Structure formats: C-alpha cells, structure tokens
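Written out below as structure tokens is the structure these notes cover.
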Amino acid sequence: NALRELALRKVATTVEQDLEEYMRDHAIEAAWPAADRVIVAVDDGADAQRVIRRAWRLASHLQTDLIAAFIETPAWAGSGPEARGRLEENLRFASDLGAVIHRLQGSDVAKELVKLSHDKNAGSSVAGRPRGGLIQRLSGRSVVDRLVREAKDVDVYMVASGDEE
C-alpha cells in the first residue's frame, strides 16, 4: 500500500508539472485545477481560525494542498501591533495545519486572491463572511462579493460567522 501511494504521488506530481508546462507554452492563464488546491484568505479577524479550519477540512477531504494567503493592502500598513499580532497568530495556526503561507501586496484583495489561484492552479478559494456593514454587503463591495465576481473559474466558499464549532 505504501509503495502504491508513493507511485501515485510521483505520477500525480509528474502530471501536474507537465500540465503547468503545457499551460505556460499555450499561454493559458485560467485556473486548471488538476490538483484542486485550496486557498484560504487570512486576516486579523476573530473568525479567521474558524475559516482556516474549514478550509483545512475541505483540503483534507479533497486530499490536496492548503494555501493560506494574506494580502497586505496600503490600508494595512497603518495597522497597530494588536492587529499584527492577531494576524501572525492566525498565520501560525494555518501553518500548524500544514498550509503553505503566501504574503502578497496589492491594493485589491479579491484580484490578488484570483491571481494567486491562477498562479497556483487552485480550484477552490475559502473566505469568511464579510465584516462590513449592511450597505457594503448590499452594494456588492465586500471582498467576498468581488471575489465571487472575479473568480469565474474558481469555486468560492464563504464560511458563515458564528460560534466556534
């Protein structure tokens, strides 16, 4: 069983590398989820660990890699030490669950998440329920709403806020 598992992983890795080379050669930029990696958006929010845990469960169910992404926006540069500490704690939690951490910079979180999904060939993206007010949610200006609009070839999962599981 162990040898079969190793052989299957080797073949999957080889196929994934061949697919990525084919996509580069043919200028295919859309996500082509052969391995169906899962990306989770991480921030300093109180529900972040709950969102990370849900993404980890999805990745475990799909038997694939989990990528935790934090997008540093210009607004984040002014964040205080408490928010930075919570973010580091959340990223450490994701890392403890086996996630590969990606820290990116950009002005639009949704666009950066979609770009990362395409770069890493991820088929699923997980984010928490928007924290903004009712007006922001109704107007479709939240990160999750923009992510759903932008990520036409990526499944977007929104984790409900609430009590710990």
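The values are calculated or read from the model by the stated rules, or taken from the named source; none is laboratory data. As the structure is a computational prediction, the values presented were derived from the model and not from experiment. Cβ: placed from backbone, ideal geometry, glycine included. Neighbour counts: every protein chain shown. These area figures cover heavy atoms from the full protein model, side chains too; ligands, DNA and RNA do not enter into them. Shrake-Rupley method; radii C 1.70, N 1.55, O 1.52, S 1.80 Å.
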Scan segment 46-74 and report the pairs whose first residue is touching a residue at least 40 places away in the same chain (Cβ under 8 Å) and open to solvent by less than 50 Å² (accessible area, probe 1.4 Å) and whose second residue is among the β-branched types (Val, Ile, Thr) and in a helix (DSSP H, G or I), with Cβ atoms within less than 6 Å and a gap of 6+ or a chain change.
71/109
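Taking segment 26-44, which residues are at pLDDT 85 or above and more than 16 Å from residue 103 (Cα to Cα)? Can you show your working first?
If we filter segment 26-44 for residues that are at pLDDT 85 or above, which is where we start, we get 37-44.
Passing the criteria: only 37.
Among the residues of segment 100-118, how many are of a type in the set (A, V, I, L, M) and under 17 Å from residue 44 (Cα atoms)?
So the first thing to find is which residues in segment 100-118 are of a type in the set (A, V, I, L, M), and the list is 100-101, 104, 109-110, 113-114, 116.
Those still in the list that are under 17 Å from residue 44 (Cα atoms) too: 101, 104, 109-110, 113.
Number of matching residues: 5.
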Confirm whether residue 140 is at pLDDT below 90 and closer than 20 Å to residue 157 by Cβ.
yes
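So which residues in segment 75-108 are outside any helix (DSSP H, G or I), surrounded by 12 or more Cβ atoms within 10 Å (Cβ to Cβ) and not charged (D, E, K, R), if there are any at all? Please lay out each step first, then the result.
Of segment 75-108, the ones outside any helix (DSSP H, G or I) are 79-80, 97-108.
Filter once more, so that each one left must be surrounded by 12 or more Cβ atoms within 10 Å (Cβ to Cβ): 79, 97-106, 108.
79, 97, 98, 99, 100, 101, 102, 104, 105, 106 - these are the residues of segment 75-108 that are outside any helix (DSSP H, G or I), surrounded by 12 or more Cβ atoms within 10 Å (Cβ to Cβ) and not charged (D, E, K, R).
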In this structure, is residue 117 small (Gly, Ala, Ser) and in a loop (DSSP other than H, G, I, E, B)?
no
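Against the definition (farther than 15 Å from residue 116 by Cβ, over 21 Å from the mean Cα position of the chain (by Cα) and outside any strand (DSSP E or B)), how does residue 51 come out, yes or no? Break it down into steps so the answer makes sense when it comes.
Values: farther than 15 Å from residue 116 by Cβ: yes; over 21 Å from the mean Cα position of the chain (by Cα): no; outside any strand (DSSP E or B): yes.
Judged against the criteria, residue 51 is not a match.
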Just one of 65, 96, 119, 108 is touching a Lys or Arg at 6+ places or on another chain (Cβ under 6 Å) and either under 22 Å from residue 158 (Cβ atoms) or not hydroxyl-bearing (Ser, Thr, Tyr) (or both); which is it?
65
